[in-house]
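Novice: Handing you a structure now.
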Amino acid sequence: MESAAQAVEQQADQIEAQASKLAGKVLDTSASQRAAIAELSRQVAELARNQSRVVEIVRAMGWDV
């Protein structure tokens with residue numbers, strides 16, 4: 001379970017780094033803005049799925065979340 005939680009935390013850090021990198025770029029076209037939003041949305045959705053898996057694992061172990 002700890003490794004799953006660490007993986008989620010690492011993924012959250014990667015998303016934050018990606019967002020910071022994008023914040024420093026000039027997204028001057030609507031296409032580049034849409035692409036950036038789509039990528040961050042995909043990553044956030046993946047993070048949410050992984051967090052749900054961790055919660056399921058914790059609950060399966062009989063712990064309250």
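What follows draws every value from the coordinates through simple rules; no lab data is involved. Model, not experiment: these values are computed from the prediction. A quick note on method: Cβ atoms are made from the backbone with ideal geometry, for glycine too, and the neighbour counts reach across all protein chains shown.
Novice: At 7 Å along Cα-to-Cβ for each site, give me the label-to-label distance between Ala48 and Val65 in nm.
Specialist: Result for the modelled spin labels: 1.4 nm.
Novice: What is the local net charge at Ile57, summed over the other residues whose Cβ is closer than 15 Å to its Cβ (Lys, Arg +1; Asp, Glu -1)?
Specialist: -1
Novice: Of the candidates Gln43, Gln11, Gln33, which one comes out as most mobile in a Gaussian network treatment of the chain with C-alpha springs shorter than 10 Å?
Specialist: Maximum fluctuation in the GNM of the chain, among the listed residues, is at Gln33.
Novice: Using the alpha-carbon centroid of each, what span in Å lies between the range 1-22 and the range 48-65?
Specialist: 17
Novice: Report the charge-dipole magnitude of the chain in Debye, nearest 20, computed about the Cα centre from +1 at each Lys and Arg Cβ and -1 at each Asp and Glu Cβ.
Specialist: Here the size comes out at about 260 debye.
Novice: Along the charge dipole of the chain, which of Leu27, Val65, Ser3 sits closest to the positive end, that is, farthest toward it, with unit charges on the beta carbon of Lys, Arg, Asp and Glu (+1, +1, -1, -1)?
Specialist: Farthest along the dipole direction, towards plus: Leu27.
Novice: Compute the relative contact order of the chain as a whole-number percentage, counting only Cα pairs closer than 8 Å that sit 6 or more residues apart in sequence.
Specialist: After rounding, I find 48 percent.
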